[in-house]
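Below is one structure, written out as structure tokens, with a few remarks after it.
The values are calculated or read from the model by the stated rules, or taken from the named source; none is laboratory data. Just so it is clear, the structure is predicted and the values come from calculations on it, not from any experiment. Here the Cβ positions follow ideal geometry from the backbone for every residue, glycine too, while neighbour counts run over all protein chains shown. Remember, those area values only see protein heavy atoms, side chains included, never the ligands or the DNA or RNA. Shrake-Rupley method; radii C 1.70, N 1.55, O 1.52, S 1.80 Å.
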Amino acid sequence: MISQLSVFVDNRPGSMANITEALSEAGYNIRAFATFDTPEFGILRLVVDKPTEAKEFLTSKGFVVRVQEVIGAELKDERGSLNYMLRKLADGNVNINYIYSFVIRSGKAPVMVLHTGETKEALKLLNEAKVTLVNDDEL
Amino acid sequence: MTAIPKEQWKERIRDPKIECASRDEMTALQSERLVETVKRVYENVEFYRKKMDDLGVLPGDIKGIEDIGKLPFTTKEDLRDHYPFKLLAVPNERIARVQGTSGTTGKLTVVPYTQRDVDIWGECVARALTMAGLTKEDRIHICYGYGLFTGGMGLDLGVQALGAMAIPMSSGNTKRQMTCMEDFEATAFACTPSYALHLAESMVEEGVVDRLKIRAGIHGAEPWTQEMRKKIESILHINCFDIYGLCEISGPGVAMDCIHQKGLHVYEDYFYPEVLNPVTHEACADGETGELVFTTLMKEALPLLRYRTKDLTDITHGTCDCGRTLPRISKFRGRTDDMKVIRGVNVFPTQVETALLAMGTVAPHYLLIVERENNLDVLTVMVEVDEHYFSDEIRKLDELKTKVGNVLKAALGVSVRVKLVEPKTIERSEGKAKRVIDKRDLS
């Protein structure tokens, strides 16, 4: 599992930069970054090194932050591998709330980050399907 | 420092003869002072002489405090109409100082004081500081504004009367406030509750909280909730007290709450409180909400008869757990002039606060915006999101918005647009917190 940070941001210029600036000044490394927006506000989701520490840091700077455990799955760099994983989860009746991808090591396939209400079931399905799972310590 | 629990609190009372007087003793004192005040205003202030003549009331008709209902009212408009010194009851040369309102809601109101008025004001604030457990050993950091506004001066006079050390910071410059508070080893601080919260949050950011010697906060000059009090107390590990006053009557120190937080004790030997039905002007029973009205019993320069504060509250007589017999007024339910009429419905900002707190949503910071779109009033409530109810899922945040909207609609009787915003995006004022912005052009 991966500990992801979710930050509440207003939908306006500069609200994301405020966060990345704070994190980079404090020397945290951002591995992945994705936003989900509504007309008024957005949720910024981040995978960073030292998530617990980074959360404390952002909270002390006045941001509203949550740590969310999400599943990290490393895909094979082959045509159809994303479809393969999603199909397995769908067949197992697992609903995905959100999903995004990032690459951590050059030359390697992307890591998919996904959140679901049925984590246990999803992990079982992914293991059965022989999908490589990624944890915090491997980032 | 650590907050002192009620059970371990050692109550200090500055003037037990007054503050714990029996009802009969107090009534006798008030009666004597009212008779004297009425005689003085009738003789010296044309405005009151005319008003009493119009009502057919002569000074001789006022035999005691029970006759107060026969006297005419005074309003803020009366003070403005007689700006600056036309209600003065003493010769000009006896004025020792003037104070006034900030004048944000209209024309400036100016209040003259004789030296005795100033001394009594300081004495009242000293009683209040004592109620907060402070003694001459204490160092009181005052970040109320100094100037015409009574906050800074009032606290300063109280600290002098108490014999404690005053740190006259005035408002603004949060960074310097923190430095001085730490370096001068302040043991208490006084400012508006919204500024106290801002200061407390800044202290957490700067990491200075553990180095402070503060144990009490004295806050007033604007309405605040129990939730705000708890928040300031828990961030700074102190006890907070609610001080009330208005410049027309003297300034801060007209009333103050004790550790038991069962209402604010009114210094009724100087300021006689009535709570009246705003429509019929009949006296309300204890516990019944009405408009707070004050008669000054010792003021020399500007004695006021039945001054209508426009603050809505209720009053309770009887002995408090702290031992005082001074009557207690409840936290204000609103001000008649803060009220907004939205689509024909009366809305008070405090109703929003109460409703938000009732749903367990800890949100001391909110802002109401009233606009007019296509000739229809639209009320938007901006609420700061905090960690307690922030969710990682948009769906849940949308649900929260709907829930807040429904709760507010039920409480106010008008529909409300809810806008969730980042923490600290709603401006923290260094004076009175602004809770409503009315953008309607009604001219």
Select from the stretch B:278-309 the residues that are in contact with an Asp or Glu (Cβ under 9 Å, 6 or more places away or on another chain) and among the acidic types (Asp, Glu) and write down the one among them that is modelled with the lowest pLDDT. B:GLU288
Qualifying position, being open to solvent by 20 Å² or more (accessible area, probe 1.4 Å), closer than 25 Å to A:LYS55 by Cα, among the acidic types (Asp, Glu) and at pLDDT 75 or above, among B:ASP392, B:ASP386: B:ASP386
Output for Cβ contacts, cut-off 8 Å, separation at least six or different chains, first residue under 26 Å from B:VAL347 (Cα atoms) and away from chain A (no Cβ under 13 Å) in the stretch B:391-409, second open to solvent by 70 Å² or more (accessible area, probe 1.4 Å) and in a helix (DSSP H, G or I), reads B:VAL407/B:ALA358
Hits in the stretch B:308-325 (condition: within 19 Å of B:GLU66 (Cβ to Cβ) and either acidic (Asp, Glu) or buried (at least 18 other Cβ atoms within 10 Å of the Cβ) (or both)): B:ILE315, B:THR325
Assess whether B:GLU43 counts as being among the acidic types (Asp, Glu) and within 27 Å of the chain's Cα centre (by Cα). no
Residue satisfying condition, being open to solvent by less than 30 Å² (accessible area, probe 1.4 Å), assigned by TED's automatic domain parsing to the domain that holds A:SER24 and of a type in the set (Val, Ile, Thr), within set A:VAL48, A:VAL94, A:VAL111, A:VAL134: A:VAL48
When (1) at pLDDT below 95; (2) not in a loop (DSSP other than H, G, I, E, B) are applied to B:VAL275, the one that fails is (1)
Contacts under 7 angstrom Cβ, first residue in the stretch B:163-184 being outside the structural domain of B:GLU137 (by TED's automatic domain parsing) and open to solvent by less than 30 Å² (accessible area, probe 1.4 Å), partner outside any loop (DSSP other than H, G, I, E, B) and not charged (D, E, K, R), 6 or more apart: none
Since B:ARG372 meets every condition but one in (1) away from chain A (no Cβ under 13 Å); (2) in a strand (DSSP E or B); (3) open to solvent by 40 Å² or more (accessible area, probe 1.4 Å); (4) touching a Ser or Thr at 6+ places or on another chain (Cβ under 8 Å), which condition does it not meet? (4)
Residue count, the stretch B:119-150 (criterion: open to solvent by 10 Å² or more (accessible area, probe 1.4 Å), hydrophobic (A, V, I, L, M, F, W, C) and part of a loop (DSSP other than H, G, I, E, B)): 2
What are the residue pairs meeting all of these: first residue in the stretch A:78-99, first residue free of Cβ contacts under 8 Å to residues at least 40 places away in the same chain and more than 13 Å from A:LYS130 (Cα to Cα), second residue open to solvent by 60 Å² or more (accessible area, probe 1.4 Å) and assigned to a helix (DSSP H, G or I), Cβ atoms under 7 Å, and 6 or more apart or on different chains? A:GLY92/A:GLU121; A:VAL94/A:GLU121
Run A:GLN68 past the list (1) more than 21 Å from A:MET16 (Cβ to Cβ); (2) among the polar types (S, T, N, Q); (3) within 14 Å of chain B (Cβ to nearest Cβ); (4) surrounded by 15 or more Cβ atoms within 10 Å (Cβ to Cβ) and report the number of the one that doesn't hold. (1)
Here is a check on your reading of the model: is A:GLU40 farther than 20 Å from A:GLU138 by Cβ, open to solvent by 50 Å² or more (accessible area, probe 1.4 Å) and acidic (Asp, Glu)? yes
Can you confirm whether the stretch A:112-128 contains a residue that is at pLDDT below 90, part of a loop (DSSP other than H, G, I, E, B) and of a type outside the set (D, E, K, R)? yes
Kindly evaluate A:LYS61 against the criterion of being within 10 Å of chain B (Cβ to nearest Cβ) and open to solvent by 90 Å² or more (accessible area, probe 1.4 Å). yes
